[in-house]
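The values are calculated or read from the model by the stated rules, or taken from the named source; none is laboratory data. Here the structure is a predicted model, which means the values were calculated and not measured. Here the Cβ positions follow ideal geometry from the backbone for every residue, glycine too, while neighbour counts run over all protein chains shown.
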Amino acid sequence: MGTVTIGVSIAVPEPHGSLLQERRAGFGDAAAHGIPTHVTLLPPTEVDASQLPVIEAHLAEVAAAGRPFPMRLSGTDTFRPVSPVVFVKVVDGAEACAWLQKQVRDASGPVACELVFPYHPHVTVAHGIDEAAMDRAYEELAGYEAAWPCTGFALYEQGADGVWRKLQEFAFGSTVVPPQAGAPEDATSLPAT
């Protein structure tokens, strides 16, 4: 069966996802149209294709233990000079994203992996392009805002053409969505631990 490259992420819903994808392309990021706008939970990881059912079962368990939470994006930041990335910041939901990615990468699970950099939830809007274009992305999206209730995540596979395609969505175990951004977060808005 061979190996496949997978990733797990929270999709940025419409109309926000397409808008940020178009802006990313407009800054000159050639990879923009092959990468749906997202917050990463598991970075690109090569696995044996025969392991996909086991991985899907693991992700279903993680989702069942998760709870919906408010997500809010606001403003820009960068990982430069360490990594050539400009991103939109996750200002609400970061703690829940951190909990989820830890569960996905659990040492006893089928996709256990060490991260190259400490986990920092974000939405990439420019990656590996020239410095002037990175600066433009940082400045032009500095006032960007978006909010939505996060109700799950998805498993993606990168095709031979470099395009990431959704394999399966995983909804959280609870259907109760907490109050949206602006309201104080309470214990029910975070995943059970």
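If you check Q101 against the conditions, is it in a helix (DSSP H, G or I), in contact with a Phe, Trp or Tyr (Cβ under 6 Å, 6 or more places away or on another chain) and farther than 14 Å from A137 by Cβ?
Details: in a helix (DSSP H, G or I): yes; in contact with a Phe, Trp or Tyr (Cβ under 6 Å, 6 or more places away or on another chain): yes; farther than 14 Å from A137 by Cβ: yes.
Yes: the conditions hold for Q101.
For (1) of a type outside the set (A, V, I, L, M); (2) at pLDDT below 95, each residue gets a yes or a no:
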{"residue": "F69", "(1), (2)": "yes, no"}
{"residue": "F87", "(1), (2)": "yes, no"}
{"residue": "E95", "(1), (2)": "yes, no"}
{"residue": "L100", "(1), (2)": "no, no"}
{"residue": "A112", "(1), (2)": "no, yes"}
{"residue": "V116", "(1), (2)": "no, yes"}
{"residue": "V123", "(1), (2)": "no, no"}
{"residue": "G128", "(1), (2)": "yes, yes"}
Q: Spot the failing condition for L19; the list is (1) at pLDDT below 95; (2) under 18 Å from L141 (Cα atoms); (3) out of contact with any helix residue (DSSP H, G or I) (no Cβ under 8 Å at 6 or more places or on another chain); (4) not aromatic (F, W, Y), and only one is missed.
A: (1)
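Quick check on T37: is it of a type outside the set (K, R) and within 14 Å of the chain's Cα centre (by Cα)?
Values: of a type outside the set (K, R): yes; within 14 Å of the chain's Cα centre (by Cα): yes.
Here the answer is yes, as T37 does meet what is asked.
Which of the residues spanning the stretch 35-44 are surrounded by 15 or more Cβ atoms within 10 Å (Cβ to Cβ) and not in a loop (DSSP other than H, G, I, E, B)?
Step one: of the stretch 35-44, the residues surrounded by 15 or more Cβ atoms within 10 Å (Cβ to Cβ) are 35-43.
Correct list: H38, V39, T40, L41, L42, P43.
Results for (1) among the acidic types (D, E); (2) more than 19 Å from A64 (Cα to Cα), shown as yes or no for each residue.
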{"site": "K89", "(1), (2)": "no, yes"}
{"site": "D92", "(1), (2)": "yes, yes"}
{"site": "R105", "(1), (2)": "no, no"}
{"site": "G109", "(1), (2)": "no, no"}
{"site": "C113", "(1), (2)": "no, yes"}
{"site": "P118", "(1), (2)": "no, yes"}
{"site": "A133", "(1), (2)": "no, yes"}
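Among residues belonging to the stretch 49-81 that are in contact with a Lys or Arg (Cβ under 8 Å, 6 or more places away or on another chain) and of a type outside the set (S, T, Y), point out the one that is surrounded by the most Cβ atoms within 10 Å (Cβ to Cβ). Steps first, answer last, please.
Narrowing the stretch 49-81 to residues in contact with a Lys or Arg (Cβ under 8 Å, 6 or more places away or on another chain): 73-77.
Then keep just the ones that are of a type outside the set (S, T, Y); that gives 73, 75, 77.
Working: L73: 25, G75: 14, D77: 14.
Ranking the qualifying residues of the stretch 49-81, first place goes to L73.
Which one is nearest to R72 (Cα to Cα), of the residues in the stretch 1-29 that are in a helix (DSSP H, G or I) and in contact (Cβ under 8 Å) with a residue 24 or more places away in the chain? Break it down stepwise before answering.
Narrowing the stretch 1-29 to residues in a helix (DSSP H, G or I): 16-26.
From the residues that got through so far, the ones that are in contact (Cβ under 8 Å) with a residue 24 or more places away in the chain too are 16, 20, 23-24.
Working: H16: 11, L20: 14, R23: 18, R24: 19 Å.
Among those residues, the one meeting the criterion is H16.
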Q.
Just to be sure I understand the filter: pairs with C-beta atoms under 6 Å, separated by 6 or more residues or on different chains, first member in the stretch 45-62 and farther than 16 Å from A112 by Cβ and in a helix (DSSP H, G or I), second member of a type in the set (A, V, I, L, M) and modelled with pLDDT of 95 or more. Which pairs pass?
A. A49/V4
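Restricting attention to the stretch 114-131, and to residues there that are of a type in the set (D, E) and free of Cβ contacts under 8 Å to residues at least 60 places away in the same chain, which single residue is surrounded by the most Cβ atoms within 10 Å (Cβ to Cβ)?
Here the answer is E131.
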